[in-house]
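Inspection log for the structure reproduced underneath, given as structure tokens.
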Amino acid sequence: MKGEALVSNDPIHQFHINPISEPIHFGALDATFTNASLFMVAGVGLASWFMVSAMKPGALVPGRAQVIAESAYNFIHGMVKDAAGEEGVKKFFPFVFTLFLFIFAANMLGMFPYFFTPTSQIVITATMALMVFFTVIVVGLTKNGLKFFKLFVPSGVPWYILWFVVIIEIISFFSRPLSHAVRLWANILAGHLVLKVFAGFVPMMATAGIVGIVGSILPLGMTVALYALEFLVAFLQAYVFALLTCIYLNDALHPGH
Amino acid sequence: MATNAHTEVPGGPKGAFPPFNAATFASQLVWLAITFVFLYVMMSKVALPRVGGIIEARAKRVADDLAAAEKFRKESDDALAAYEKALTDARARAQAIAGETRDRQTAESEAQRKRLEDGLNARLAEAEKTIAANKQAAMTNVSGIAVETAKAIVTQLIGAAPTDKAAEAAVADALKR
């Protein structure tokens, strides 16, 4: 079944979660080690190893690996600072950095053929989005108390449309985790699906005689081009997720519009 | 058990769309929690403080170096100003010495010239005095000779010698004309 699976033309096949260990249970909780677990562990392991080992020399004039690690640091640091200010950096920088690195590692590792992409699972992206959502609510309420609800009441709006604006603000606030989660998930899922579909055309056409072999160049070219695009998407979606996180966390710190 | 689990694995080829297969959620969430917390601890406790420390140390080093360079620049500026001041002082002193020397020499030569002129004037006056004395003496002699001559002539003419007084008066009278 495994060997069969490797050559499957089914574009959905790549999203299947298969256990690779004996079933593990923490009480009632199923913690079986699956391909999804494997690639989360691999991504996190690679990311941690890189960030720690790159900074091992701690050189004043950085080497190649250290430049990359420092660039990542500066990139996210600047993003958090721009969106949520100095206070945001103090409170949330490690959290945003971890989110970015987790998603980026998962996305990039998923670009290898036959590798599983944890971010193509809605439950993973939704959990991260809800983590941000509840962080915003908890931090917003503990820091600002009832002033946090000023988030829903923009200042300078005449009273007769204010009630309407408040309803819209509340809907928009509670739809945040949905859009936050689905944006990442759908991008990765759709990208991998399209790649698989186009790549699947190549052997399909190649088996249809000489015309098919020549014709299969077209989907092959498309696959290569889409692959490049997917690398961009892999980075961009990690960036967008982290950036939106910063913007949402800023609301927790400064709820007044 | 293992084979049982395998076949039960949600989403065989004909199963539900795998991301919506709730049977896999628990295991995914457990491993997400484990890996995410691990990554968070690694980043917040090890990697990020290290990177931040290095970046801070570098910024501090650059700022220190810039401050040191600024200090050196200021020192060299001060040295230049001191040098220029010394130069202008020396120039001013040289000019003062030159002016003083010139003045002294002018005064000296003036004094010398005055002394010389005074000496010459004195000698000139002396010479003029001598000339006048000589002239006086000569004139006295002339009148004496004239008186004698007049007395002799008168004696020859009238045979009687005039008195000295008369002869002198006559000569003086004649000389006045």
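The values are calculated or read from the model by the stated rules, or taken from the named source; none is laboratory data. Computed from a predicted structure; not experimentally measured. Every residue, glycine as well, gets a Cβ built from its backbone with ideal geometry; the counts of neighbours run over all protein chains shown. To get the accessible areas, we keep the full protein, side chains included, count just its heavy atoms, and leave off ligands, DNA and RNA. Shrake-Rupley method; radii C 1.70, N 1.55, O 1.52, S 1.80 Å.
Listing for the model above:
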item	result
Some residue of region A:89-99 being among the hydroxyl-bearing types (Ser, Thr, Tyr), more than 9 Å from chain B (Cβ to nearest Cβ) and outside any strand (DSSP E or B)	no
Matching residues in region A:150-159 - criterion: being under 16 Å from residue A:248 (Cβ atoms) and open to solvent by 30 Å² or more (accessible area, probe 1.4 Å)	A:150
Condition met for residue A:143 (at pLDDT below 95, assigned to a helix (DSSP H, G or I) and within 18 Å of residue A:243 (Cβ to Cβ))	no
Any hit, region B:132-141, residues being of a type in the set (Lys, Arg) and in contact with a helix residue (DSSP H, G or I) (Cβ under 7 Å, 6 or more places away or on another chain)	no
Residue satisfying all of: in region A:226-257; among the aromatic types (Phe, Trp, Tyr) and within 14 Å of the chain's Cα centre (by Cα); nearest to residue A:152 (Cα to Cα) among these	A:241
Selection status of residue A:50, within 11 Å of chain B (Cβ to nearest Cβ), touching a residue at least 40 places away in the same chain (Cβ under 8 Å), farther than 30 Å from residue A:11 by Cα and among the aromatic types (Phe, Trp, Tyr)	no
Count - residues of region A:101-126 that are open to solvent by less than 10 Å² (accessible area, probe 1.4 Å) and of a type in the set (Phe, Trp, Tyr)	2
Residue selected from region A:214-235 under the condition surrounded by 14 or more Cβ atoms within 10 Å (Cβ to Cβ) and free of Cβ contacts under 8 Å to residues at least 24 places away in the same chain, by the criterion farthest from residue A:98 (Cα to Cα)	A:215
Residue within region A:159-168 that is of a type in the set (Val, Ile, Thr) and in contact with a helix residue (DSSP H, G or I) (Cβ under 6 Å, 6 or more places away or on another chain) present	yes
Residue in region A:129-143 that is most open to solvent (accessible area, probe 1.4 Å), counting only those that are in contact with a helix residue (DSSP H, G or I) (Cβ under 6 Å, 6 or more places away or on another chain) and within 14 Å of chain B (Cβ to nearest Cβ)	A:130
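For (1) within 30 Å of residue A:99 (Cβ to Cβ); (2) surrounded by 10 or more Cβ atoms within 10 Å (Cβ to Cβ); (3) modelled with pLDDT of 95 or more; (4) of a type in the set (Val, Ile, Thr), each residue gets a yes or a no:
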position	(1), (2), (3), (4)
B:37	yes, yes, yes, yes
B:47	yes, yes, no, no
B:50	yes, yes, no, no
B:77	no, yes, yes, no
B:80	no, yes, yes, no
B:86	no, yes, yes, no
B:89	no, yes, yes, no
B:94	no, yes, yes, no
B:97	no, yes, yes, yes
